[in-house]
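Input: a single structure, listed below in structure tokens.
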Amino acid sequence: MKKIAFALLLIALVFSLTSCKVNWFDRQYDVPGWAIAFPVVVFSAVVWFSAGKHIASKQYVCPNCRQSFYPKWWQAAFSLHMNGDRVFRCPHCGRKGFCSPLK
């Protein structure tokens, strides 16, 4: 958690020290970097949250115990995936591996 906070602080510092030149109808404006970075970060967070909620709405099957479960949205948002399968820890048997969605 400290590494993530440090990285975000470092990125914020870099963007606060830089500026961007924006051309708008033959006029050139200096725009601070944070004015561009902030909407990008907010948009990315909204998309990531929405994708996690959508993925978590599907039911997955553990290949070990064959029990079905719904993952939490944050697990779904951060899960590795290959094709339709995603890596989850089964809440029933505790095995971590690729789980297939229930059809």
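When residues in the range 72-103 are screened for being part of a strand (DSSP E or B), farther than 10 Å from residue 60 by Cβ and among the basic types (Lys, Arg), 2 of them pass. Considering 38, 49, the condition of being under 20 Å from the mean Cα position of the chain (by Cα), at pLDDT below 90 and either assigned to a strand (DSSP E or B) or surrounded by 12 or more Cβ atoms within 10 Å (Cβ to Cβ) (or both) is satisfied by 38 alone. For residue 46, the conditions (1) within 30 Å of residue 85 (Cβ to Cβ); (2) touching a residue at least 12 places away in the same chain (Cβ under 8 Å); (3) not assigned by TED's automatic domain parsing to the domain that holds residue 92 all hold with the exception of (2).
The values are calculated or read from the model by the stated rules, or taken from the named source; none is laboratory data. Given the structure is predicted, the values throughout are model-derived calculations rather than measurements. All Cβ positions, even for glycine, are placed from backbone atoms using ideal geometry, and neighbour counts span all protein chains on display.
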